2 protein chains.
Amino acid sequence: MLKGEGNWREARRASARAAVLVAAWELVRADGPAALSMRELARRAGITTPTVYAYFESKNAIFDAMFAEAAQSFVELKAAVPTTDDPRQDLLAEARAFVEFCVSDAPRYQLLFQRSVPGFTPSPESYELAVSALEVTRGLLARNGVHDPRHLDIWTAVTVGLVDQQVSNDPDGDRWSRLVDDVTQMFLDRYATGGVSS
Amino acid sequence: MLKGEGNWREARRASARAAVLVAAWELVRADGPAALSMRELARRAGITTPTVYAYFESKNAIFDAMFAEAAQSFVELKAAVPTTDDPRQDLLAEARAFVEFCVSDAPRYQLLFQRSVPGFTPSPESYELAVSALEVTRGLLARNGVHDPRHLDIWTAVTVGLVDQQVSNDPDGDRWSRLVDDVTQMFLDRYATGGVSS
DNA sequence: GTCTATATAGCGATAGAC
DNA sequence: GTCTATCGCTATATAGAC
């Protein structure tokens, strides 16, 4: 059963890669994306540096795999937000979930949404995954009568703004993240159907 | 004239320090705050590394001086925004100026408002300078009937959100920065006198 | 695949001559 | 104050034995 053995080997390899990524996330969560070092990563994973290179061809390949994991989590977060018959409540629920997603793991947020690693650009596939998650938000906004792409950009700016201020200026508190309800109401009162458009 | 000679020496020293900082800004503007290297800095400034240490005791001291310069520019920007008899127009003018200030020099924005240099924290004086600039904004908001500190936080989040999205996702365009007028209207229509407060 | 050992390069910072 | 020279360390990445 060569094919079965091949799959088994593949699974072993995948789980070994996953273990390296677990250690990578530990380091990045502790000291930020820029602090990831191959030596320290290997030490944390209980292997040596050359072994890391047996699974990832470069440090950027590790960042790309991490970016893809983060993007996948982001997509799943969007999918997990329940849909009701109240579009406003749905958007609010998504906003709360988004802010919590970012604030609860600031380094992941920095890797996914800011360009915080000099010299690293996500691969097109990984990036596309992250962008596609925006489609869910576009749909939620449409159900609230918001169709203008500019207003989608305003929405992302407003939510990201809360996250960025929270992470940068009050990393252990909730000074900005607690404002998500107010901000969502402000946005919807302005741009949801019935609001003025210029 | 020992005192005069002392002042002259001080001026020389200050201008030499300033020259180092000019080179530091060149490097940081080119490759981001994390890319600042003492060797490259010295090379760019036309001196050697030990000479840099004659003027700054460490790399972090350079970052702190840069932070102070950026904070000073920030304060001056706020002071330069003209005041009219129309509070809404004044806040709008300040918002436009702020976004332009950040977007036109993203690395400076990252150094000043994000925690983008691992291990660097601005000195209390430099930080206080940056915080004090917020007082101007507080006054502008008060003239618009916005007094709740939470609403000041919302205002900073909203403006920073535009900047962050612009810098992270469209660094050479104006996809988000052009929305500053819309966002300001949304904010004022919601929170300026006459708006609902809960 | 995993190791030891190392290549190659860069880093921040300092000693000591002048 | 400015230099040459260097310390001590870290970085990513690879060669080659097993």
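The values are calculated or read from the model by the stated rules, or taken from the named source; none is laboratory data. Worth saying up front: this structure is predicted, and the values here are computed from it rather than measured. Every residue, glycine among them, receives a Cβ derived from its backbone with ideal geometry; neighbour counts consider all protein chains shown. Protein only, heavy atoms only, side chains kept; ligands, DNA and RNA dropped before computing areas. Shrake-Rupley method; radii C 1.70, N 1.55, O 1.52, S 1.80 Å.
What the table below lists for this structure:
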item	result
Residue identified as at pLDDT below 95 and basic (Lys, Arg) among A:Arg39, A:Arg9, A:Arg43, A:Arg29	A:Arg9
Residue list for the range A:158-170, restricted to those being more than 7 Å from chain B (Cβ to nearest Cβ), out of contact with any helix residue (DSSP H, G or I) (no Cβ under 6 Å at 6 or more places or on another chain) and assigned to a helix (DSSP H, G or I)	A:Asn169
Failed criterion for A:Gly173 (all others in (1) within 14 Å of chain B (Cβ to nearest Cβ); (2) surrounded by 18 or more Cβ atoms within 10 Å (Cβ to Cβ) hold)	(2)
Members of the range B:63-89 that are touching a Leu at 6+ places or on another chain (Cβ under 8 Å) and either outside any helix (DSSP H, G or I) or open to solvent by less than 80 Å² (accessible area, probe 1.4 Å) (or both)	B:Phe63, B:Ala65, B:Met66, B:Phe67, B:Ala68, B:Glu69, B:Ala70, B:Ala71, B:Gln72, B:Phe74, B:Val75, B:Pro87
Test: A:Glu94 is touching a helix residue (DSSP H, G or I) at 6+ places or on another chain (Cβ under 7 Å), among the acidic types (Asp, Glu) and open to solvent by 40 Å² or more (accessible area, probe 1.4 Å)	no
Exclusive hit being away from DNA strand C (no atom under 12 Å from the Cβ) and more than 28 Å from A:Arg115 (Cβ to Cβ), set B:Gln110, B:Gln72, B:Gln114, B:Gln89	B:Gln89
Criterion (modelled with pLDDT under 95, open to solvent by less than 70 Å² (accessible area, probe 1.4 Å) and touching a Gly at 6+ places or on another chain (Cβ under 9 Å)) met by exactly one of B:Ser116, B:Ser132, B:Ser126	B:Ser116
Long-range neighbours under 6 Å by Cβ, at least six apart or interchain, first residue among the hydrophobic types (A, V, I, L, M, F, W, C) within the range B:41-69, second within 8 Å of DNA strand D (Cβ to nearest atom) and modelled with pLDDT of 95 or more	B:Ala42/B:Thr48; B:Ala42/B:Thr49; B:Val52/B:Ala42
Check on A:Thr137, crowded, with 17+ Cβ neighbours inside 10 Å, within 11 Å of another protein chain (Cβ to nearest Cβ) and within 15 Å of the chain's Cα centre (by Cα)	no
Subset tally (residues that are at the interface with another protein chain (Cβ under 9 Å from one of its Cβ atoms) and open to solvent by 50 Å² or more (accessible area, probe 1.4 Å)) for the range B:176-198	5
Cross-chain or 6+ apart pairs with Cβ under 6 Å, the range A:21-36 first and crowded, with 19+ Cβ neighbours inside 10 Å, then among the hydroxyl-bearing types (Ser, Thr, Tyr)	A:Pro33/A:Ser116
